[in-house]
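Inspection log for the structure reproduced underneath, given as structure tokens.
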Amino acid sequence: MAYDLIVIGSGPGGYVCAIKAAQLGLKVAVVEKRATYGGTCLNVGCIPSKALLHASETYSHAAHGLDALGIEGVTPVLNLAKMMAHKDATVKSNVDGVAFLFKKNKIDGIQGTGKVLGAGKVSVTNDKGEEQVLETKNIVIATGSDVASIPGVPVEIDEKVIVSSTGGIALDKVPGHLIVVGGGVIGLELGSVWARLGAKVTVVEYLDTILGGMDGDVSKQFQRMLVKQGMEFKLGAKVTGVEKAGSGAKVTFEPVKGGEAATIEADVVLIATGRKPYTEGLGLKEAGVALDNRGRVEIDNHFQTNVAGIYAIGDVVRGPMLAHKAEDEGVALAEILAGQAGHVNYDVIPSVVYTQPEVASVGKTEEELKAAGIAYKAGKFPFTANGRARAMLATDGFVKVLADKETDRVLGVHIVGFGAGEMIHEAAVLMEFGGSSEDLGRTCHAHPTMSEAVKEAALATFFKPIHM
Ligand SMILES: Cc1cc2nc3c(=O)[nH]c(=O)nc-3n(C[C@H](O)[C@H](O)[C@H](O)COP(=O)(O)OP(=O)(O)OC[C@H]3O[C@@H](n4cnc5c(N)ncnc54)[C@H](O)[C@@H]3O)c2cc1C
């Protein structure tokens, strides 16, 4: 039987695209080579890492955060196996949820490795090596991404001592010393997990700042907070070797600006230097599907590749490697395939670092506005001046609102602070509607909430905050 749509890959891009397309009346199949649906995000990415971030934060709060609230004598005992079981159960309930939604929407889930044979034809080879060829009007490539290596440095990842994020969420004991190579989101989130559980954590980063690409103010203050929490940073450091040493491993690095090399040893080394698009074994070359110079599937503004009827979304195409970006592309593409107008607003894609405090951002950074020569005004409000933050002893951080100097339209919002990942969405909605900082500053915010700091930062762009 011919399908309207075959999606290869069941991550947030693929599974959401499939569900939306089925909801719009298309006959859909999803091909997935993993034993469970949900892709990197649900199996080994967003979901398990957040389960561990929450559990380790709760542990750390119980150990260090209760005395000051008048709750004394609590000495939490870590049961790492149980914490991992919580993570595994969270993953299971999420991946089972996708299987349920496939059934509910009458989507055929096909286990096996998909290969594009050309427009309208997909071959699927299952675990037993049996191959079947399926016919379809449209193909969506949603094969996601894989761990990227350190450029020019051969590293043998065994997922025990030298680990990627996949091994980093499954250690069976807390390492005495963990070296994280890469100061981006994944490295800092997983570094935080193990630091809270008692590991000494050293982050080695090539750039002079952590969270490269984030607003400079944010990354500076955030780094200070992580240092206060006990994390160590070697910035501007180029890693030249990662090798096993005894029962642990060693990392050699040298200053990017030149100078003497240094070597540090640790029980575990986490390689968190980014991810690369995953197109292995998909047969794209033979099918004539073009890749760009970074190995990503090249697409037009409607997600179509250079071959008619073959589309691509998510981590395997350009843009930020984020689950919600992949999901939104999946929805937009399903709408386009169903004859509707699908669209993603790439200017308003929030990004969140789920540490404690959280870091969240949407729109342009000050650095980007400066580089683009856009005249802007900035309003900033610290959580130290927010009543709710004081009540919760969560005064670390600030909100920064950036608005166009002439029109007052909000161009970017950046938050470091407790709950930043939730608060950012009022900024995203405002920006989606083209709102101004005056709109935000004049919107009544419930008191006392952390979100009042967003309103005050908006007020600061065009007049003055009240509480400062
Ligand atoms: C540790 C970690 C934490 C993360 N945390 C977050 C977070 O908090 N928030 C966030 O937004 N993003 C997060 N991400 C990124 C997020 O996981 C990705 O952006 C997202 O999963 C991309 O979705 P996707 O659908 O493009 O691809 P993926 O989720 O990678 O799914 C692709 C699927 O395709 C399958 N596949 C590949 N090739 C074939 C083939 N030939 N045949 C059949 N199946 C195939 C793969 O098995 C996989 O299941 C995190 C990533 C990691 C590693």
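Values for this structure:
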quantity: Residue tally, condition surrounded by 17 or more Cβ atoms within 10 Å (Cβ to Cβ) and acidic (Asp, Glu), over the range 439-468; calculated: 2
quantity: Residues (small (Gly, Ala, Ser), assigned to a helix (DSSP H, G or I) and within 6 Å of the ligand (Cβ to nearest atom)) located in the range 8-22; calculated: Gly13, Gly14
quantity: Hits in the range 261-297 - residues which are surrounded by fewer than 15 Cβ atoms within 10 Å (Cβ to Cβ) and either acidic (Asp, Glu) or over 25 Å from the mean Cα position of the chain (by Cα) (or both); calculated: Ala261, Ala262, Thr263, Glu265, Glu280, Gly281, Lys285, Glu286, Gly288, Ala290, Asp292
quantity: Flag for Asn79 being more than 16 Å from the ligand (Cβ to nearest atom) and of a type outside the set (Lys, Arg); calculated: yes
quantity: Subset of the range 24-48 that is among the aliphatic types (A, V, I, L, M) and near the ligand (Cβ under 7 Å from one of its atoms) - its residue that is surrounded by the most Cβ atoms within 10 Å (Cβ to Cβ); calculated: Val31
quantity: Residues located in the range 108-152, provided they are away from the ligand (no atom under 12 Å from the Cβ), touching a residue at least 40 places away in the same chain (Cβ under 8 Å), at positive phi and in a loop (DSSP other than H, G, I, E, B); calculated: Gly120
quantity: Flag if Asp208 is assigned to a loop (DSSP other than H, G, I, E, B) and farther than 19 Å from Gly248 by Cβ; calculated: yes
quantity: Selection within the range 50-68 - more than 16 Å from the ligand (Cβ to nearest atom), surrounded by 11 or more Cβ atoms within 10 Å (Cβ to Cβ) and not in a loop (DSSP other than H, G, I, E, B); calculated: Thr58, Tyr59, Ser60, His61, Ala62, Ala63, His64, Asp67
quantity: Subset of the range 1-58 [of a type in the set (D, E, K, R) and farther than 14 Å from Ala323 by Cα]; calculated: Asp4, Lys20, Lys27, Glu32, Lys33, Arg34, Glu57
quantity: Failed condition for Gly184, given (1) surrounded by 22 or more Cβ atoms within 10 Å (Cβ to Cβ); (2) within 22 Å of Ser361 (Cα to Cα); (3) not β-branched (Val, Ile, Thr); calculated: (1)
quantity: Complete set of residues in the range 216-258 that are among the polar types (S, T, N, Q), touching a residue at least 24 places away in the same chain (Cβ under 8 Å) and not in a helix (DSSP H, G or I); calculated: Gln229, Thr240, Ser247
quantity: Selection count, the range 311-323, where residues are in contact (Cβ under 8 Å) with a residue 60 or more places away in the chain and within 8 Å of the ligand (Cβ to nearest atom); calculated: 6
quantity: Enumeration of residues in the range 148-170 that are in contact with a helix residue (DSSP H, G or I) (Cβ under 9 Å, 6 or more places away or on another chain) and surrounded by fewer than 19 Cβ atoms within 10 Å (Cβ to Cβ); calculated: Ile157, Asp158, Glu159, Lys160, Thr166, Ala170
quantity: Any chance Ala308 is of a type in the set (Gly, Ala, Ser) and away from the ligand (no atom under 15 Å from the Cβ); calculated: yes
quantity: Options Leu270, Leu282: the member that is assigned to a loop (DSSP other than H, G, I, E, B), within 15 Å of the ligand (Cβ to nearest atom) and out of contact with any Phe, Trp or Tyr (no Cβ under 7 Å at 6 or more places or on another chain); calculated: Leu282
quantity: Residue among Val155, Val180, Val203, Val193 that is away from the ligand (no atom under 16 Å from the Cβ) and either modelled with pLDDT under 95 or not polar (S, T, N, Q) (or both); calculated: Val155
quantity: Which listed residue, of Ala360, Ala326, is crowded, with 23+ Cβ neighbours inside 10 Å, among the small types (Gly, Ala, Ser) and near the ligand (Cβ under 8 Å from one of its atoms); calculated: Ala326
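The values are calculated or read from the model by the stated rules, or taken from the named source; none is laboratory data. Since we're looking at a predicted model, the values are computed, not measured. Glycine also receives a Cβ, built like all others from the backbone with ideal geometry; neighbour counts cover every protein chain displayed.
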